[in-house]
């Protein structure tokens, strides 16, 4: 019964950890707007945590600069399994307008497995919620595979 | 035979009724209602009421990372210590007149002093756990937690002295420290919240509740936006879940203590109601027991709504020195006012 409860709950309580990998702050503000009364992602159980060790979903914004690369990867490693990595905005996905710059090490998918990409500059809050909801389903799936 | 039955009964107390299962269910329910109410007050839809249950079980299913620098034994045992202290504490808070047969001395096993001591242990356990990780965030968090605990202690003691003196004056004389006598007194002469001289004390206690539980606006020790949730920064998986559970149970402990100290007279109403229904003997006792528990949980929810949710929704986080100053001036002054009024016979 205990295992069943865990399986039931894994997708319903996704805690977010937000990493800014050299973002212009546009996506960061948009992520916070998802938690405001208008969009209220907390009704799906989303909560912003302060420490990567509490998180289930890591949201990465920004084009992953040379300066931030090492720190991003180390933060992601500190998230306990099962975890999900979501990139927000076009920057971590493709480099966006910063593509080819000497200081950009991205895209993020070169270094870690990315589960969900939310494209846009910046993505609409609806798109962000949609992407995060997809991530919760992947999370529940990962928990199932972890047990096997 | 009796010894076995007694052992079973004790086990039932610890694991089921005022103990673990009851605390687990009611505590997490209170936490869920609190989150929902705050959301509604901010014009949000809010998470489902069962959200804390989901959070707890999800955390049980996560991997636990023990930091390399941490003392593993302390790191893993500290959450259990805090939880155990809270479950034991709940045993000593009476539910109106429900009897727990704790050996020979049935009702006065522990008084307010023991409760004051036990209330400190969860805070100590979280400080121990945080300190064992060696994280600088935990260091900042635990120094703030210690200040918060100290700040809350003075008004709490003053409130308990005021209440004890009021009840003691009318019964045995001196100061009454037995919670059961306080509840008995209220069932005979009305809830203490209705006594004019104790209203400031009730307000002071209501303000102590969010400080003791570490809720907004007194959560500088666990500020997630500035110091990564302080002492919990290095915790993950099941131990983190146990800390979250302890936090929820502490809400139940503090609110039920408030209910018993100031709304104890409601229990008399329940007994009258059952008497009016014409029940007698064993059936009446059973109905009174069930109704008492229900009424207590309901009152706890009301106290949570006023004392924790409303305060959370309308305030922003205070700085640590503001918390200390607030408790030692405003709240302590309210409690002291009550104490002085009671001492001069009002």
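The values are calculated or read from the model by the stated rules, or taken from the named source; none is laboratory data. Since we're looking at a predicted model, the values are computed, not measured. Cβ placement follows ideal geometry from the backbone for every residue including glycine, while neighbour counts extend to all protein chains displayed.
Given the criteria under 19 Å from residue B:186 (Cβ atoms), touching a residue at least 24 places away in the same chain (Cβ under 8 Å) and out of contact with any helix residue (DSSP H, G or I) (no Cβ under 8 Å at 6 or more places or on another chain), does residue B:255 qualify? No: the conditions fail for residue B:255. Go through segment A:69-94 and report how many residues are surrounded by 17 or more Cβ atoms within 10 Å (Cβ to Cβ), outside any helix (DSSP H, G or I) and at negative phi. So the count comes out to 11. The condition of being over 20 Å from residue B:188 (Cβ atoms) and surrounded by 23 or more Cβ atoms within 10 Å (Cβ to Cβ) holds for only one of B:280, B:304, B:329, that being B:304.
Within segment B:304-318, residues that are closer than 12 Å to residue B:207 by Cβ have Cβ atoms under 6 Å from residues that are in a helix (DSSP H, G or I) in these pairs: B:307/B:206; B:307/B:209; B:308/B:34; B:308/B:210; B:311/B:210, counting only partners at least 6 apart in sequence or on another chain.
The residues of segment B:197-253 that are at pLDDT below 85, within 14 Å of chain A (Cβ to nearest Cβ) and within 23 Å of residue B:301 (Cβ to Cβ) amount to a single one, B:219.
Within segment B:239-250, the presence of a residue that is surrounded by fewer than 23 Cβ atoms within 10 Å (Cβ to Cβ) and out of contact with any helix residue (DSSP H, G or I) (no Cβ under 7 Å at 6 or more places or on another chain) is excluded.
Scanning segment A:12-33 for residues that are crowded, with 23+ Cβ neighbours inside 10 Å and part of a helix (DSSP H, G or I) returns A:27, A:31. I'd like to know if segment B:268-277 contains one or more residues that are within 21 Å of the chain's Cα centre (by Cα), surrounded by 15 or more Cβ atoms within 10 Å (Cβ to Cβ) and assigned to a helix (DSSP H, G or I). No, that holds for no residue. Count, please, the residues in segment A:5-46 that happen to be under 23 Å from residue A:77 (Cβ atoms) and either within 14 Å of the chain's Cα centre (by Cα) or more than 10 Å from chain B (Cβ to nearest Cβ) (or both). Looking only at that region, the number is 14. Within this structure, residue B:78 passes the test of being outside any loop (DSSP other than H, G, I, E, B), in contact with a helix residue (DSSP H, G or I) (Cβ under 8 Å, 6 or more places away or on another chain) and more than 8 Å from chain A (Cβ to nearest Cβ).
Looking at the structure I just gave you, is residue B:150 under 17 Å from the mean Cα position of the chain (by Cα) and either closer than 19 Å to residue B:326 by Cβ or modelled with pLDDT under 90 (or both)?
Answer is yes for this residue.
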